[in-house]
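Asks: Please read through the structure below; I'll follow up with questions.
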Amino acid sequence: MYSKIKQSLRLTTISILMIILTSCNQINTSTVNVESFELNGENEPIEIELGKATSVSYFAMPYKIEEDNIICISENEKIAQAVLNTVTGVSGKKVVNVQIRSKNIGTTNIYIKDSKGNLESEKVSVSVVETLNEDDIDNSDMVYITPTGKKYHLINTCGGENSYKSTLNEANTLGKEPCIKCAQ
Ligand SMILES: [Zn+2]
């Protein structure tokens, strides 16, 4: 009788141990693999004035991706730095927002990659330029506006999904004001 209890206790202990081991193993092997990165919007060169910052965003799949899975890279950190800003979820994918901080005049490429180094996103060219003189600004400059928004944007991702390419002249005609984040 006593030995039966002892045996069943031992069996219970073994099963509990096995359950613990199995779940640990699952945790170790379930690090999410990034399946795809996609630039949110068209890949157009970005120009920022020295001392200013801007941002680009990427869609990342699958939804389970977390911040730890993503690394932001600038090929020349002396020109501009790429810093992970936010990772938010939207309709089954993640929106990875990368802040670009200007450091020196010049050009670099920024992109994101997964922390395992298996996958890299498209690269976006970033040029840091001297502060523009008001008089030099060409009124035919391209801007981004949305049908309902009150602002115009210089960065399509800042304008959001509904934004479309337009001219500064049209934006002025429509009474749009410069976005405080990207157009001032
Ligand atoms: Zn904006």
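Values quoted throughout were computed directly from the atomic coordinates according to the rules given, and no laboratory measurement underlies them. Because the structure is a prediction, the values reported are computed rather than measured. Cβ atoms come from the backbone with ideal geometry, glycine included; neighbour counts cover every protein chain shown.
Asks: Only sites in a loop by DSSP and with at most 15 other Cβ atoms within 10 Å count here; which GluC sites (Glu not before Pro) in the range 26-133 make the cut?
Replies: Counting only loop positions with at most 15 other Cβ atoms within 10 Å, the GluC sites (Glu not before Pro) in the range 26-133 are 35, 42, 66, 75, 77, 122, 130.
Asks: Treating cross-link reach as a plain straight distance, find the lysines whose alpha-carbon is under 25 Å from the alpha-carbon of residue 151, omitting any fewer than eight places away in the same chain.
Replies: Cross-link targets: 52, 165, 176, 181.
Asks: Label-point separation (nm) for residue 99 and residue 141, each offset 7 Å from Cα along Cα-to-Cβ?
Replies: Placing both labels 7 Å beyond Cα along the Cβ direction yields 2.3 nm.
Asks: Something else now. Cα to Cα, under 18 Å, and not fewer than 8 places away if on the same chain: which aspartates and glutamates meet these conditions relative to residue 113?
Replies: Within the straight-line cut-off, residue 113 pairs with 35, 38, 66, 67, 68, 75, 77, 122.
Asks: Given points 7 Å out from each Cα along the Cα-Cβ axis, report the residue 52 to residue 169 separation in nanometres with one decimal.
Replies: The modelled label-to-label distance comes out at 2.2 nm.
Asks: Relative to a virtual label point 7 Å from the Cα of residue 90 in the Cα→beta-carbon direction, which members of the range 164-184 show backbone nitrogen distances below 20 Å?
Replies: Counting backbone N atoms under 20 Å from the label point, the list is 164-166, 179-183.
Asks: Within 10 Å of each candidate Cβ there may be at most 15 other Cβ atoms; applying that plus a DSSP loop requirement, which trypsin sites (Lys or Arg not before Pro) in the range 58-104 survive?
Replies: Loop-located and lightly packed - 64, 78.
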